[in-house]
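Some notes on the structure that comes next.
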Amino acid sequence: MVKLEKHHKSRDALEKLNWRNPLHWLATGFGSGLSPVAPGTFGTLAAIPFYWLMMDLPLAVYIAITAIAAIAGIRICQSATNAIGQSDHGSIVWDEFVGFWITMIAAPKGLLWLLTGFLLFRLFDVIKPWPIRWLDRYVKGGLGIMIDDVLAGVFGLIVMQILAHFF
């Protein structure tokens, strides 16, 4: 019963989002974060088509877009947080987009590498090794929402580059 009440409370919070506000669309990953199950995973999946659009860009342009998305993400996520009234609602998945894109910086092309990047990012985002867990716990607001996934993306990037070097 408590879980059901929490789900309804969570859904009620979503009604506070303004779907005419482009920041709220971005924050929810164009609606992918509205999934009642594993919204972070669905948010990461929704980031893949955007990665495909960016992957052939020059590396400097790819990194610039990703950095802009990360910095803008602080405001994007804070806007949705303010509307919802909860500090890190599960439907806010812009951070997953950015974290995945960071993992995929200079990744080799191919479906296996895409899957590897997806799994690495999700792994670091879910298990939250130090200092990710500490940041997730103590840094709040839009910055807090973004910073742990940015760092999970960096961890994924490091592992991807090591794998790419040896394979």
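Structural remarks
- Meets criteria (touching a Ser or Thr at 6+ places or on another chain (Cβ under 9 Å), surrounded by 24 or more Cβ atoms within 10 Å (Cβ to Cβ) and polar (S, T, N, Q)) for SER87: no
- The combined condition, being more than 17 Å from the chain's Cα centre (by Cα) and of a type outside the set (Asp, Glu), is not fulfilled by PHE155.
- Considering (1) of a type in the set (Asp, Glu); (2) more than 16 Å from the chain's Cα centre (by Cα); (3) surrounded by 13 or more Cβ atoms within 10 Å (Cβ to Cβ), the lone condition that ASP56 does not fulfil carries the number (3).
- Only helices (runs of 4 or more DSSP H) whose full extent lies in the range 35-121 are considered here, and the ones with at least 2 residues that are hydroxyl-bearing (Ser, Thr, Tyr) are 39-54, 59-84.
- When we screen LEU143, LEU119, LEU112, LEU157 for residues that are touching a residue at least 12 places away in the same chain (Cβ under 8 Å) and either surrounded by fewer than 19 Cβ atoms within 10 Å (Cβ to Cβ) or on the phi > 0 side of the Ramachandran plot (or both), the only hit is LEU143.
- Breaking point among (1) more than 23 Å from LEU26 (Cα to Cα); (2) free of Cβ contacts under 8 Å to residues at least 12 places away in the same chain, for ILE68: (1)
- Scanning the range 76-90 for residues that are farther than 19 Å from PHE118 by Cα and either in contact with a Leu (Cβ under 7 Å, 6 or more places away or on another chain) or at pLDDT below 95 (or both) returns ILE76, SER79, ALA80, THR81, ASN82, ALA83, ILE84, GLY85, GLN86, SER87, ASP88, HIS89.
- Any chance HIS24 is under 30 Å from LEU115 (Cα atoms), touching a Leu at 6+ places or on another chain (Cβ under 7 Å) and modelled with pLDDT under 95: yes
The values are calculated or read from the model by the stated rules, or taken from the named source; none is laboratory data. Just so we're clear, the structure is a prediction, and the values are computed from it rather than from any experiment. With ideal geometry, Cβ positions are generated from the backbone for all residues, glycine too; neighbour counts draw on all protein chains shown.
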